[in-house]
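Written below as structure tokens is the structure these notes are about.
The values are calculated or read from the model by the stated rules, or taken from the named source; none is laboratory data. Quantities reported herein were computed from a predicted structural model and do not represent experimental measurements. Don't worry about glycine lacking a Cβ; one is built from the backbone with ideal geometry, like all the others, and counts go over all protein chains shown.
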Amino acid sequence: MTILTTAVSAMRGWHRPLTVHAMSMFALVLACAVAMFVDDRLLMGESVWLKPMKFGFAMGVYGLTLAWLLSRLRKGRRFGWWLGTVFAVAGLLDVAAVAYAAAHGTFSHFNANTDPVARTVRTVFNFGVMPLLLTTLAIAVLLLIQRAGDRALTRALRAGLGLAVAGMVVAVWLSNSSGATPRTVTDANGHTVSMTGGHGIGDPDGSGMPVTHWSTTGGDLRVPHFFGLHGIQVLLLVTAILGILATRYGRLSGERVRARLVGVAGLGYTGGFVVLTWQAKRGQSVIHPDGQTLLAFAALAVISLAAAVAVVIAARRRR
């Protein structure tokens, strides 16, 4: 109870609409988890409620991160509040559209049917997706003109928001250029659905991986999209770990050293995002990399490790 009280107290100064938005998303996750046990309808071999559950969790985590971030702005706080509010409303509408389609046992994305459910979902996406991208981009610009903490934290936030924007852009860009031919599939009600486009390349409706259901037979745009969207949480975790280590290791006590290490982590993560996007575009499953992909990842790992070691050695020499 004390932990819960402390958490609620800490969140009191966060962006209120985004906090409510995140709590709504987590409530949806719980509702979908229950629905998966009582509703046995399947779409492409998976529960109709799995997709809104994944969307709710991802949007909830990201919304909570933005709610905390906006509370740290020193300049443009009012503008930031409106940006966060627009994001909260747009995100709520988009995930609600996914849940609405799931409740009707049909597909939310790439559904080209003309029935009322498909038209409603497309309308929501047409008006709701772009505000998510634009508000995230605008918040990133706000961070570029100010510091939201020490150098390491500010660098993590800037790089993380940049990756989030890239993750949203690559999903839209590659979805429209995936080359998927129009096809027909069957929804959970046994009705024929006309599908145009897809998140997969080579196998537009591919799946196979547990939990994520990313494709094991072709390239999958959901991989770099997820990787980019949640880069900010990874970089914030790196920043927190460096802050803890700084209390034990003097060479990490300098703010500039930690900021440089976060920068190395950000560049390495961005490189991983680029390689995953390149891999998906070539129609290659994330779990079946070829020699070129493995070489790219190996080179990225070596360069990132060498850069991190160089930063630590330089810090030791200065001390």
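Can Thr270 be described as touching a Phe, Trp or Tyr at 6+ places or on another chain (Cβ under 9 Å), among the hydroxyl-bearing types (Ser, Thr, Tyr), in the same structural domain as Val312 (by TED's automatic domain parsing) and not in a loop (DSSP other than H, G, I, E, B)? No: the conditions fail for Thr270. Checking the structure you have, find out if any residue of segment 120-139 is within 17 Å of the chain's Cα centre (by Cα) and of a type in the set (Lys, Arg). Looking for residues that are within 17 Å of the chain's Cα centre (by Cα) and of a type in the set (Lys, Arg), one finds none in segment 120-139, hence no. Residues that are β-branched (Val, Ile, Thr) and crowded, with 21+ Cβ neighbours inside 10 Å were ranked within segment 91-135; the one that is nearest to Phe79 (Cα to Cα) is Thr135.
Pairing each residue of segment 129-148 that is closer than 30 Å to Ala97 by Cα with any residue that is part of a helix (DSSP H, G or I) and acidic (Asp, Glu), provided the two are 6+ apart or on different chains, yields C-beta distances under 9 Å for Val129/Asp94; Leu132/Asp94. For segment 251-259, the criterion of being surrounded by 13 or more Cβ atoms within 10 Å (Cβ to Cβ), closer than 28 Å to Gly60 by Cα, touching a Leu at 6+ places or on another chain (Cβ under 8 Å) and not aromatic (Phe, Trp, Tyr) is met by none of the residues.
Any idea which of Thr217, Thr196, Thr212 is among the hydroxyl-bearing types (Ser, Thr, Tyr) and over 24 Å from Val129 (Cα atoms)?
Details: Thr196 fails: over 24 Å from Val129 (Cα atoms); Thr212 fails: over 24 Å from Val129 (Cα atoms).
It is Thr217.
Among residues of segment 184-199 that are closer than 26 Å to Gly167 by Cβ, those with a beta-carbon under 6 Å from a residue that is surrounded by fewer than 19 Cβ atoms within 10 Å (Cβ to Cβ) and of a type in the set (Gly, Ala, Ser) at least six positions away or on a different chain give the pairs Thr196/Ala112. Checked against (1) in contact with a helix residue (DSSP H, G or I) (Cβ under 6 Å, 6 or more places away or on another chain); (2) over 30 Å from Gly105 (Cβ atoms); (3) at pLDDT 95 or above, Trp82 passes all but condition (1). Within segment 208-245, restricting attention to residues that are outside any helix (DSSP H, G or I) and surrounded by 18 or more Cβ atoms within 10 Å (Cβ to Cβ), the residue that is farthest from the chain's Cα centre (by Cα) is Gly218.
Criterion applied to Arg258, Arg248 was being over 30 Å from Gly200 (Cα atoms) and not in a loop (DSSP other than H, G, I, E, B), and the one residue passing it is Arg258.
For segment 288-306, check the following and say yes or no: at least one residue is of a type outside the set (A, V, I, L, M, F, W, C), touching a strand residue (DSSP E or B) at 6+ places or on another chain (Cβ under 9 Å) and either closer than 22 Å to Val170 by Cβ or assigned to a helix (DSSP H, G or I) (or both).
The initial filter retains those residues of segment 288-306 that are of a type outside the set (A, V, I, L, M, F, W, C), namely 288-293, 304.
From what's left, touching a strand residue (DSSP E or B) at 6+ places or on another chain (Cβ under 9 Å): none.
So far as segment 288-306 goes, no, none of its residues is of a type outside the set (A, V, I, L, M, F, W, C), touching a strand residue (DSSP E or B) at 6+ places or on another chain (Cβ under 9 Å) and either closer than 22 Å to Val170 by Cβ or assigned to a helix (DSSP H, G or I) (or both).
Scanning segment 78-90 for residues that are farther than 17 Å from Val20 by Cβ and either buried (at least 18 other Cβ atoms within 10 Å of the Cβ) or more than 24 Å from the chain's Cα centre (by Cα) (or both) yields one hit, Arg78.
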